[in-house]
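The values are calculated or read from the model by the stated rules, or taken from the named source; none is laboratory data. It should be emphasised that the depicted structure is a prediction, and the values quoted were computed from it without experimental measurement. Reconstructed Cβ throughout: ideal geometry from the backbone, glycine too, with neighbour counts over all protein chains shown.
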Amino acid sequence: MELVSKFPYIANCALLILGLWGVLSQDNLFKKIIGINIMQSSAILFFINLAYLNDGRIPIDPKGETGYIAPLPHVLMLTAIVVGVAFTAVALSLLIKINKGYRSSKESVILEKEKSKL
Amino acid sequence: MIFAIPLSFFVGAVFCILANKKITAKKIAITFALINFALCFQGNFVNNLLAKGSFGLGGWTPPYGIEFFAEPIGLTFVCLVSMIGFFGLMYAGAIPSKSKQNNNLFFALTLFLLGALQAISLSGDLFNIYVWLELSSICAFAIMGYRTKEGAFATFNYLLAAGVAGVIFLLGTGLVYGASGTLNLAQISTLPNPGQSISSGFALIITSLLIKMALTPFHFWLPDAYGNSPTKTLGVIPAIVTKAPAIILFKIALQLHQNQINWIAFEFFLPLMGAGAVIYGSLMAVKQAKLKKILAYSSIAQLGLVAIGIGILDVKGTLIQIIAHSVVKFSLFCSVGALEHFANIKTIDELKSTFQKSPILSWVFIICGFSLAGIPPFAGFFAKYYLVVSSLEKNNFFIVAVILLSSLLTAGYFLKILENIVFTKYTKKLKSLIPKTIYFPIVFNCSLVIIFGIFLPKLISALEGLA
């Protein structure tokens, strides 16, 4: 039971590490953006896990009873998702610019071209 | 009242997108920057800075609603952003643009960036700080990477670093929220016995701020990103974008260092990392040939001094260092940008006979170089003076040695520039290529370096003890 209740956090950790591995190890810049997106999802899921309650009700409750899921983290994560979308949009537009300029979106190729220019 | 300050930038940004031929984006941006400037510097300036108070957004009282919290450090930074923003926009307006569409978007994004930077230093709520930090970063990516492919690639590296830092900040916020049930910094600071998860949450938050302020192990994105950014952005971005995370870090440290953060560790690590930044940045600056790269590495070194000041929690030294460095770097980056854009001078060797070409910019280089090295009448001296005094009070001779070494190393790379500017023979006859309008923001900020040298210690001692 103890381990089962901790399972979502372990899954969060796994997602975070997967995303970080993607950012650090991948050669393709597009895959790096995907890595950051995975990391952002793990942070979002972390907040949702914090708010979760077993057998919890929705927070709109006319009877004023307790035992509902905390609404604030969900609201915060709506904003975080919007921030993530804006971030991804800027990242992709920069990537288009890079791809047009260097004719490649591989980091090793771009670094090679930068070096040969010097 | 206090909401009006960042709001004036946001309203201006919306109008900038709608700008047309008659009412250009440049005019709108400068008008709204002037409104912001007036709002920041109205009335009794020192009293404004001393104003303390919390303001709930939308009529919700702070523990439940979003809070804007006014206190001297944040307000000082708000005024700094307003001033640098105004002159940075004037500088950007003086550089001729190629396409109208890009121009509108450039000014709109710059205004959003400035507004977000002001809102960062005012907000007293962790999640809000996250949102403003991301907004300022996103605007910075967009205006830094829009011109060239090299700029786009360098900005992409910045984007990756800032993206990872943003996620780390969000996770830290989650840990703090999960353990304390609140996001409000003032409320967190009153918690009687915070546990392990709050201090580890703040450790994550501080790490993310260190990545965003480019302290040495995390500096990898800064030199290329500054070295390749378009000329127009050189007024705003290098001067204040990395200072905002530093200010947030300082605010959080001052508010929570007694109880919530395990500050003993940071008191040890921040000066150590700062010392690394000072030595590494200065040595790399000596090696560079491109002027923008020299200034970028010099920024890393100067941010190292800011980190040292935050580590020993010295209000005066840190604030003066942040203000002096912003003003100095504004003048230097703008002069380098003007030389590159109009006279095609990019490297140290091409600086020869600049003194004859443009004596004003040469004087700017000389004064700002002296201020960076910490020579007495200029602003940079007082930052180093207060840092040395307060580290002597704590018997920390390591920091004193680092600060004195930083003066020496700064002189090392700056004398190389000054040698080329001043002591080379007049070779070719070149008429003045640089338009007159570009001189005003540079010269004004450069004269501030001298004026601040005289008035800043007085202003800061008026603020002392109240921060």
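One table, with the values for the structure above:
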read-out	value
Conditions (1) at pLDDT 90 or above; (2) within 11 Å of chain B (Cβ to nearest Cβ): number failed by A:A70	(1)
Filter result (small (G, A, S) and within 10 Å of chain A (Cβ to nearest Cβ)) within the range B:155-199	B:A161, B:A162, B:G163, B:G166, B:G172, B:G174, B:G178, B:A179, B:G181
Pair list, Cβ < 6 Å and 6+ apart or interchain, from the range B:364-383 residues that are over 16 Å from B:K458 (Cα atoms) to residues that are part of a loop (DSSP other than H, G, I, E, B)	B:F370/B:F378; B:S371/B:F378
Residue tally, condition over 30 Å from A:K106 (Cα atoms), small (G, A, S) and facing another protein chain (nearest Cβ under 10 Å), over the range A:28-65	1
Qualifying positions in the range A:73-109 - without any contact (Cβ under 8 Å) to a residue 24 or more places away in the chain, facing chain B (nearest Cβ under 9 Å) and touching a helix residue (DSSP H, G or I) at 6+ places or on another chain (Cβ under 7 Å)	A:T79, A:V83, A:A86, A:V90, A:L94, A:K97, A:G101, A:Y102
Failed condition for B:L313, given (1) in contact with a helix residue (DSSP H, G or I) (Cβ under 7 Å, 6 or more places away or on another chain); (2) over 23 Å from B:S447 (Cβ atoms); (3) in a helix (DSSP H, G or I)	(3)
Qualifying position, being out of contact with any Lys or Arg (no Cβ under 8 Å at 6 or more places or on another chain), assigned to a helix (DSSP H, G or I) and more than 17 Å from B:S371 (Cβ to Cβ), among B:L319, B:L270	B:L270
Residues being surrounded by fewer than 21 Cβ atoms within 10 Å (Cβ to Cβ) and either β-branched (V, I, T) or over 22 Å from the mean Cα position of the chain (by Cα) (or both) - total across the range B:386-407	14
The range B:167-206, residues that are crowded, with 21+ Cβ neighbours inside 10 Å and not hydrophobic (A, V, I, L, M, F, W, C)	B:G172, B:T173, B:G174, B:Y177, B:N184, B:G201
Enumeration of residues in the range B:235-260 that are closer than 24 Å to B:F141 by Cα and polar (S, T, N, Q)	B:T242
B:T148 being more than 18 Å from A:A89 (Cβ to Cβ) and either charged (D, E, K, R) or within 9 Å of another protein chain (Cβ to nearest Cβ) (or both)	yes
Criterion violated by A:S25 - all others in (1) surrounded by 15 or more Cβ atoms within 10 Å (Cβ to Cβ); (2) more than 9 Å from chain B (Cβ to nearest Cβ) satisfied	(1)
All positions within the range A:91-112 that are among the charged types (D, E, K, R) and either closer than 17 Å to B:N228 by Cα or part of a helix (DSSP H, G or I) (or both)	A:K97, A:K100, A:E107, A:E112
Residue tally, condition more than 23 Å from B:C79 (Cβ to Cβ) and surrounded by fewer than 18 Cβ atoms within 10 Å (Cβ to Cβ), over the range B:16-37	7
Tally, over the range B:95-131, of residues that are over 15 Å from the mean Cα position of the chain (by Cα), assigned to a helix (DSSP H, G or I), closer than 28 Å to A:V75 by Cα and within 13 Å of chain A (Cβ to nearest Cβ)	8
Whichever residue in the range B:400-433 is among the charged types (D, E, K, R) and not in a helix (DSSP H, G or I) and, among such residues, is modelled with the highest pLDDT	B:K425
